[in-house]
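Just so it is clear, none of the values below were taken in a lab; they were calculated from the coordinates. Quantities reported herein were computed from a predicted structural model and do not represent experimental measurements. Don't worry about glycine lacking a Cβ; one is built from the backbone with ideal geometry, like all the others, and counts go over all protein chains shown.
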Amino acid sequence: MSRYYVNKFLYTVDRDPELLRRYKEDPRNLVATWEQSIGPKLSDVETSTVHSLTDAEREALINHDIVALFEMGAHFFLSLTIFIAIYDDEWTAKYGPLSFQRDFAKRLAHWEGRDYPPVGE
Amino acid sequence: MAKLAAVLATTHHPFYLKATTAPVEQQIPQAAEWKRKVEAYRETLTKAEPELLVMVGADHFHQFFLDNYPQFLIGKAPRYDATFYNEEREFGIPKYVLEGHEDLSNFMHKGLLARGFDFAFSNELKLDHSIICPIITTRPQADLPVVPIYTNIFAPPLPSPKRFWELGRAIREIIDEYPSDKRIAAIGSGHLSLELGGPRQFRETGPDPEFDRQAIEWLSTGNIDAILANVTHESMARSGNATHGFMDLILMMGIAGPIPAAYSDSLSLFHTMEAYITWYPEGAAQ
């Protein structure tokens, strides 16, 4: 498993409006593209051979699976920020302000009172 | 020698600007009270007549990521751009350019190294909302040169609460020794109890109002002994998964010293408790 690489995906996509749009509209394709040409990038010239996604990590990213990402220790700030970018406008229009954020919390209710999966260390 | 004119420790709620500038019919019910409290807090800085700002914050994976994340870092640039695309998108925070102060940055960096704080540094640092939010709330004209200091409250393993306190103490010594007639204010932002991306996020209050009440009491009375006896990484996690930003408020009290605050205010909002604390370590502001 590569918690680092899952975080790298969330980090690189969230900071790029074009990648974010593609992740919203066609996540399966964007994840495949990312694994091929964006994830391994260290700079315009250098690439890394170190990390790869497991099947479970890939599926969690493709499915925008907030619970699975939380449980594998994806960083909470990256996960919250990217899924707000993808879902908040639609949910606000349909169900009112903060409805997406509150539903996000509800899906993780089974973790309340327990030690959360570590995001580092 | 420089004069430490004021020390401010504040929460940074990234939605302040959006919440208080939206058309009145769209504003949250607390918007007017929030604005009044922020403007009253701003006055505690204005009346100290600062000429130069030491700003303490934490990069939220904007410039720094897990491939290369510094525990402590100082900016040494002639000026600083601020606000990243995804912050404009989510929070509606505008872009800024802040002047730097290379002379104090260099003096501070060497002083920190001499005191055993082996800081990373950056000559091309773009600031995020941990520094721009307090500029918006306490110095919206953004007209003073800044020395930015970043801490790691975000990517574990983190430095200890005691280390944040000691870092604050070291920054204070260095400001006191800085050969200048400038009036320096130190402004740092962090959090009280906070949950992000977890089951306790975005409730009617912060995840642990009892911790919030206690933390404000400790800060406003300068009670570092109680903080160090009670606050650990584990206790902060129990209060909310992003509560570790409290350590930047401990750092700010370290700059002030273990003394009562001259000003302390708070506001319970959805999702979080806001805290606005000011110390005048060298006596009341003129």
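Taking max minus min of the alpha-carbon positions on each principal axis, the stretch B:3-279 gives extents of 49, 41, 41 Å, largest first. Amide H contacts of B:GLY100: B:ARG79, B:TYR80, B:VAL146, each under 5 Å away and 5 or more positions distant or on a separate chain (H built 1.01 Å from N in the peptide plane; Pro and chain starts excluded).
If a paramagnetic tag sat 7 Å from the Cα of B:THR221 along the Cα-Cβ line, which residues of the stretch B:246-269 would have the backbone N under 12 Å from that point? Only B:260-261 fall inside the zone, counting backbone N under 12 Å. Ordered by the number of other Cβ atoms lying within 10 Å of each residue's own Cβ, fewest first, B:LYS3, B:LYS110 fall into the sequence B:LYS110, B:LYS3. Residue by residue, the stretch A:61-78 carries 3J(HN,Hα) couplings of 5, 4, 8, 6, 8, 4, 5, 4, 5, 4, 6, 8, x, 4, 5, 4, 5, 5 Hz when phi is fed to the Karplus relation 6.51 cos²θ - 1.76 cosθ + 1.60 (θ = phi - 60°); x denotes Gly or Pro. Name all residues of the stretch B:22-45 having a backbone nitrogen under 19 Å from the label point set 7 Å from the Cα of B:ASP143 along its Cα→Cβ direction, giving them as ranges. The answer is B:39-45, whose backbone nitrogens lie closer than 19 Å to the label point.
Within a straight-line Cα-Cα reach of under 24 Å, A:LYS8 can be paired with the following lysines, leaving aside sequence neighbours fewer than 8 residues apart in one chain: A:LYS24, A:LYS41, B:LYS126.
Applying 0.36 nm per residue to the separation of B:TYR85 and B:GLU39 and subtracting their alpha-carbon distance, the gain on full extension is 13.8 nm. Across the stretch B:158-172, coupling constants 3J(HN,Hα) worked out from phi with the 6.51/-1.76/1.60 Karplus curve, θ = phi - 60°, read 9, x, 7, x, 4, 5, 5, 4, 5, 5, x, 4, 5, 4, 4 Hz, and Gly and Pro carry x. Run the reach check for B:LYS47 against lysines, Cα to Cα strictly under 28 Å, same-chain hits fewer than 8 apart removed. What comes back? Cα-Cα hits under 28 Å: B:LYS3, B:LYS18, B:LYS35, B:LYS37, B:LYS76, B:LYS95, B:LYS182. Around the Cα centre of the stretch A:3-111, unit charges on the Cβ atoms of Lys, Arg, Asp and Glu (plus for the first two, minus for the last two) sum to a dipole of about 240 debye.
Put a dot 7 Å past the Cα of B:ARG238, heading toward its Cβ, do the same for A:SER48, and the two dots end up 3.5 nm apart.
Using only the C-alpha atoms, the convex hull of the protein assembly as shown corresponds to 137 Å³ per residue. Karplus-based coupling profile of the stretch B:173-189, in residue order and whole Hz: 4, 5, 4, 4, 8, 5, x, 6, 9, 6, 8, 9, 10, 10, 10, x, 10, with θ = phi - 60° in 6.51 cos²θ - 1.76 cosθ + 1.60 and x standing for Gly or Pro.
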